[in-house]
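Right, one structure below, let's go through it.
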Amino acid sequence: MTQPTKKPTKMNRRKALIGLGASTGALAAGGAFPGAERFAHAQSAAPIKIGFQKHATGIGAAYGRWYGATTDAAVKRINENGGINGRPVEIVVEDDATDPGRGAEVLEKFATQHEVDVAFGTLFSHVVIGSAPRAGELKLPYFVVSEGHHVASGMLNRYTLQPCITDVKSQVISMAPFVAENLGKKVTMIYPDFAFGHDHRDFFSEAIEAQGGEVVAKIAIPPTETTFTRYFPNIPRETEVIYHVMVGPAVLTFVKELGEFFGPNRPELFGFIDSLEAVDIQSPGLEFLEGSYFWEGMPRHAQAGDTEAQKAYRAAVGCNERGASVEDPANVSTYAHMFGCWETLNVIKAGMEAADYQGPADRPKLIEAVEAMSAIPASEDHPQGDKLFNGKTHQVFAQQHISKVTDGTLVVEHSTSIEDGMYEDEVDYTTQTF
Amino acid sequence: MMASRKPLALHLGILALLLVLFFVLPAYHVGAFSRIMVLAIYAMGYNLLFGYTGLLSLGHAMFFAAGMYGFGLTTNLTGFSVIPAFASAMLAAGLLALGVGYLALRTAGVAFMIVTLMFAQTVYLIILYFGTYTRGDEGFVVQQAQRQLAGIDLTTETARYFTAFILFSVCFLAMAKLVQMPFGKRLIAIRENEERARMLGYDVANLKLRAMVISGVFSGVAGASYALLFGYVGASFAGVQYSIFPLLWVLLGGAGTTIGPLIGVIFMFYLIDISSGWTNAYMLVAGIVLVLLTLFAPQGIVGTLRKRGVAWLP
Amino acid sequence: MDFGPHLMLASLEGAVISAILVLTAMGLSLVFGVMRVVNVAHGEFFMLGAVLAWVVSTTLGGHPAIGFIGALIVAPVLVGCIAAGVDRFVLKRVNYDADRTIVATIGVLYIIQQSTLMLYGPEARPVQPPFNTRLSLPWFEFGENGFAMIWPWGLSITSYKLFVIFAAAAVLVALWLLLTRTRIGLIMRATQQDSDTAQAFGVPVGKVYSWVFGLGAGLAALGAVLVVPIQQAHYLMGGDPLLLAFIVVIIGGLGSLPGTVIAALLIGMSDGIISVFFSPTLAKIIATFLVAMVLVFRPQGLLGRAET
């Protein structure tokens, strides 16, 4: 999967940056090279194997493809910079068909057949929850990039971590102040009748009330729905803001029909970009979104204030300034989420180097090393921005963005602080035994 | 009688083989076979209704889900231990099968397919509707602490394999016995010619309903076992896909044979597993294999073997 | 929204859903009626039609109407040929055996889905309608000033959705004429009623089956081209239409075109109207259950003859 094609100019620049100490974790463990152990030599030459649970088929395939592209780019960079503990990184890809049953099987395959060091990369919550029990039983560290609240809720186990993408609870809480202050206090929520939608409903209702607002209607749409107009009359007339988080292939229809329903005078719209990941915001029918607001984990369209690290990341994953593939501008990425793969691989690297990871026996040490992480500063390793990892809940917290669609471009209007999304711990995984 | 001893020997031989496999197979395949045995229970339950009674249901996932949620919800909400939770799972699946059977068996043929399909969709939507308890599509975890039986931790690879093995053995032998009994023969009579069975004085409606309930309970046992052994309960197992799987397994292995369901599950599992190792387009490979199989093994694997000389196959 | 306008909007949407159901189900009604085989891959022919609509309209470019008309011609023909090939090389060879056809068409479904994923990709892609204007709708009310016409908030439909309703009706009439007024239709009906006798009277039953299978798939593709501007083309979109089409065809009564239409209206309208009174998912549960109960108490379908 990973065939590093050498591009000397790029490499030199990156190497220089690494030399400046971009990777903090690497410094901590930099000198500790295994000398005394019997198989040290053989081990140090063998690649670190990372199992990538990919949504290559099934409903998550559009995400899977870009998670794959980001993973390849991140691994290429890590290997060009000397790998992990001097060992090259090898990605083992297995398709989970975006299905929790197959996901668990794939995880078993990683642990017992491919004998990978860690597993990583899952997005869809049901696949994470279906696979995590097996990760715990097989004692395989499982790094997910899912944004679900499952990890921090305490439902999973010590072997499952989400170190680089903020969970939905934190995302939603941090949105409420902006919505209440700038868009309106009477909110109608439209969400899929899924656990994911229920999380939005529950967390946002609570958060907006804390801001003095209220949710005036909650419209849960059943899955596999392909037309939506008949549900829109349930939107109360007094609504000031519509909060929408639809997902799946019918999302374009949803937005289009919402536009057709309201015609020229609509309330403010606030949505999660999850709805429109891998979809061009200028697609026909989406004109209605002009002037509406979106949550973004990482801004899809290049912003004026982008850091060097963000520019380098954009180039490395092969995206243009509109977040689409450089080679095929019609192929729009899942930019708001996929940075999580890039950053998670760098956390695995930093964790392994801090723990002086040698092989599967050191897996508990690796988890302890990641649990010990706290502030993760923005860098080339972490282009999305500063983060705060909570070792007890295995969940990271980061800055979130709210972008406004302006002339067909997502322009960041507001960025939250990490503190905006903090909530009380619901679990302490460090008390669990390995 | 030679004819009846051979099948018994075969059944015991298969169980012995499954026992030996645990000691000789690499770890991954031991795990795979734990899963295969659980799914084979599901396929056997389906086979009783489809293979023996001739009723094609497209909604069996609702019984699998009834067992899965019957087990998972009782352990999570009421704190039942494994045995009572398992019993309530079987009860849930049995009652659902009784209710669905009572209504759906008024129909036959394609109408039966569609009625079961729609009832299963209703069950799926109900699971989503009560998301507060079920967590909808996302599902929930049955924690390790709840998966203990008489001091044995069922989450270890060994305990999992043997639990699956014992459950499978019981179901496998019970099903083999069941289809040999007059009850089973009458079901076959219904499949072959319902009118004739009725004229012979059989209470066809009652027999079908009993077949439906037994089939539902087997499916429920499989669902509960899945939750128990793999620690996950989720709505995707109640979806259409999981209604079509047992049909596919049974047709591939051989409908109306005792060992066909197991063979079908093994075949389909490894077809996907191995071809996904070769290529990303493994569904393409699987599709082509399925088409070829229908062309060259029309009665399923076991059914075709039976036709080609091994006539005694049960 | 007030109750009256809400009900009107829901009924209009129900009519659109009914039209979409008719367009997806009529091909299956034909295939199922004449050949009596369960074609699990039927939904994939629908999906192929939608995907081809996207391919044709992006290739041709220009005004959306050009692509739309192009797709109306290309997609059904191409999909029909693919389906005829499937019939010729697979179904014919398994002798249309009920069980084997199920497995074989599941195989075909896998092949079509995976090929589409590889060639077309995992994204949902929109296809522009040839025209699409939002039409506000009036409502009549007895107010203080007597009978008055008002324009309630949100009460509207689009011109394309109205077109879909008419297109569904037009396609149905054409199909009806084909079946009842032409020689082809006569041969099909003869085959449907008794293929052995038809064969004895010199009807090339094998060829008829290929034609029917191709025509059924072509109709699914045609339906998809008409529906895709309201939805999007996606490689997994075939699953739900397949189930819905089956439900519609069986509830209507096997092989009865008028039955199919009535069933589509029943399902679409109940889906629309029940949604006025209950929360969406509950409405869906109730609608699904009630429609199933129709079949429980009328197993032969609405317009089907009791089974012999």
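So here's what we get for this one:
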quantity: Test: residue in the stretch A:231-242 that is of a type in the set (Val, Ile, Thr) and part of a loop (DSSP other than H, G, I, E, B); calculated: yes
quantity: Residue match in the stretch A:130-137 (condition: open to solvent by less than 20 Å² (accessible area, probe 1.4 Å) and over 18 Å from residue B:233 (Cα atoms)); calculated: no
quantity: From B:35, B:106, residue being within 25 Å of residue C:287 (Cα to Cα) and among the basic types (Lys, Arg); calculated: B:106
quantity: Output for the stretch A:247-276, where each listed residue is more than 9 Å from every other protein chain (Cβ to nearest Cβ), closer than 23 Å to residue A:195 by Cβ and not hydrophobic (A, V, I, L, M, F, W, C); calculated: A:271, A:274, A:275
quantity: Only listed residue being within 14 Å of chain B (Cβ to nearest Cβ) and open to solvent by 20 Å² or more (accessible area, probe 1.4 Å), chosen from C:87, C:97; calculated: C:97
quantity: Criterion: in contact with a Ser or Thr (Cβ under 6 Å, 6 or more places away or on another chain) and surrounded by fewer than 21 Cβ atoms within 10 Å (Cβ to Cβ) - qualifying residue of C:139, C:151; calculated: C:151
quantity: Top-ranked residue in the stretch A:243-270 [being outside any loop (DSSP other than H, G, I, E, B) and open to solvent by 20 Å² or more (accessible area, probe 1.4 Å); ranked as nearest to residue C:228 (Cα to Cα)]; calculated: A:256
quantity: Tabulated pairs, the stretch C:95-109, first in contact (Cβ under 8 Å) with a residue 60 or more places away in the chain, second in a loop (DSSP other than H, G, I, E, B) and among the charged types (D, E, K, R), C-beta under 8 angstrom, 6+ apart or interchain; calculated: C:96/C:36; C:98/C:36
quantity: Complete set of residues in the stretch A:67-88 that are hydrophobic (A, V, I, L, M, F, W, C), more than 30 Å from residue B:137 (Cα to Cα) and open to solvent by 10 Å² or more (accessible area, probe 1.4 Å); calculated: A:73
quantity: Among residues of the stretch A:271-313, those that are open to solvent by less than 20 Å² (accessible area, probe 1.4 Å) and of a type in the set (Lys, Arg), counted; calculated: 1
quantity: Which numbered condition residue A:166 fails, given (1) over 28 Å from residue B:239 (Cβ atoms); (2) open to solvent by 10 Å² or more (accessible area, probe 1.4 Å); (3) modelled with pLDDT of 90 or more; calculated: (2)
quantity: Unique match (being polar (S, T, N, Q), over 30 Å from residue A:289 (Cβ atoms) and within 21 Å of the chain's Cα centre (by Cα)) among A:416, A:393; calculated: A:393
quantity: Every pair of residues 6+ apart whose Cβ atoms lie under 6 Å, when the first sits in the stretch C:132-155 and is more than 23 Å from residue C:227 (Cβ to Cβ) while the second is part of a loop (DSSP other than H, G, I, E, B) and among the charged types (D, E, K, R); calculated: none
quantity: Boolean, residue C:245 is buried (at least 24 other Cβ atoms within 10 Å of the Cβ) and part of a helix (DSSP H, G or I); calculated: yes
quantity: Test result for residue C:198, open to solvent by less than 10 Å² (accessible area, probe 1.4 Å), among the hydrophobic types (A, V, I, L, M, F, W, C) and within 14 Å of another protein chain (Cβ to nearest Cβ); calculated: no
quantity: Helices (runs of 4 or more DSSP H) contained entirely in the stretch B:88-200, each with at least 1 residues that are more than 14 Å from chain A (Cβ to nearest Cβ); calculated: B:109-129, B:157-180, B:182-192, B:194-199
quantity: Hits in the stretch C:199-238 - residues which are under 24 Å from residue C:65 (Cα atoms) and outside any helix (DSSP H, G or I); calculated: C:228, C:229, C:230, C:231, C:232, C:233, C:234, C:235, C:237
quantity: The stretch C:1-60: number of residues that are open to solvent by 10 Å² or more (accessible area, probe 1.4 Å), away from chain A (no Cβ under 11 Å) and charged (D, E, K, R); calculated: 1
quantity: Residue among C:267, C:285 that alone is part of a helix (DSSP H, G or I) and without any contact (Cβ under 8 Å) to a residue 24 or more places away in the chain; calculated: C:285
quantity: Condition check for residue A:350: open to solvent by 10 Å² or more (accessible area, probe 1.4 Å), at negative phi, aliphatic (A, V, I, L, M) and within 19 Å of the chain's Cα centre (by Cα); calculated: yes
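Rundown of residues vs (1) modelled with pLDDT of 85 or more; (2) touching a Lys or Arg at 6+ places or on another chain (Cβ under 8 Å); (3) within 15 Å of residue C:33 (Cα to Cα), yes/no style:
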site	(1), (2), (3)
C:253	no, yes, yes
C:264	yes, no, no
C:271	no, yes, no
C:281	no, no, no
C:292	yes, no, no
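For every residue, the table says whether it meets (1) β-branched (Val, Ile, Thr); (2) part of a helix (DSSP H, G or I).
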| position | (1), (2) |
| --- | --- |
| C:240 | no, yes |
| C:250 | yes, yes |
| C:259 | no, yes |
| C:293 | no, yes |
| C:299 | no, no |
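Residue-by-condition table, conditions (1) modelled with pLDDT under 90; (2) open to solvent by less than 20 Å² (accessible area, probe 1.4 Å); (3) more than 12 Å from every other protein chain (Cβ to nearest Cβ):
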| residue | (1), (2), (3) |
| --- | --- |
| A:186 | no, no, yes |
| A:189 | no, yes, yes |
| A:193 | yes, yes, no |
| A:197 | yes, yes, no |
| A:205 | no, yes, yes |
| A:216 | no, no, yes |
| A:221 | yes, yes, no |
| A:226 | yes, no, no |
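The values are calculated or read from the model by the stated rules, or taken from the named source; none is laboratory data. Please read these numbers as outputs of a predicted model, since none were measured by experiment. Cβ atoms come from the backbone with ideal geometry, glycine included; neighbour counts cover every protein chain shown. The accessibility values were calculated without ligands, DNA or RNA, using every heavy atom of the protein model including side chains. Shrake-Rupley method; radii C 1.70, N 1.55, O 1.52, S 1.80 Å.
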